[in-house]
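In what follows, a structure is listed as structure tokens, so that the remarks can point back to it.
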């Protein structure tokens, strides 16, 4: 049986996601769009789905808490983006992902 800490480390989760096809690293630019790191692709919240997310807590420092999101775009591009919690969080990332979450909730309501 694997050690629980080992399973939940950021590096191990990223490696597993990469094997599952989440090969791109994303960022949110100043204009509020999700972009690939090379900036060749850009997406609005309507074009993105949160597939999964993983929370990580610092062992010795609460300031080390972060969250990793596995994302898929409308064009099929898969990748990840991470953010910190609390005062160190990137507000652009939080705002973008909140918009994606809200759109997903509205889509669920439309299905009922």
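The values are calculated or read from the model by the stated rules, or taken from the named source; none is laboratory data. Here the structure is a predicted model, which means the values were calculated and not measured. Positions of Cβ are backbone-derived with ideal geometry, glycine not excepted, and every protein chain shown enters the neighbour counts.
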Just for the range 1-18: of the residues that are surrounded by fewer than 10 Cβ atoms within 10 Å (Cβ to Cβ) and part of a helix (DSSP H, G or I), which one is modelled with the highest pLDDT?
-> 11
Residue within the range 48-57 that is in a loop (DSSP other than H, G, I, E, B) and over 15 Å from the mean Cα position of the chain (by Cα) present = yes
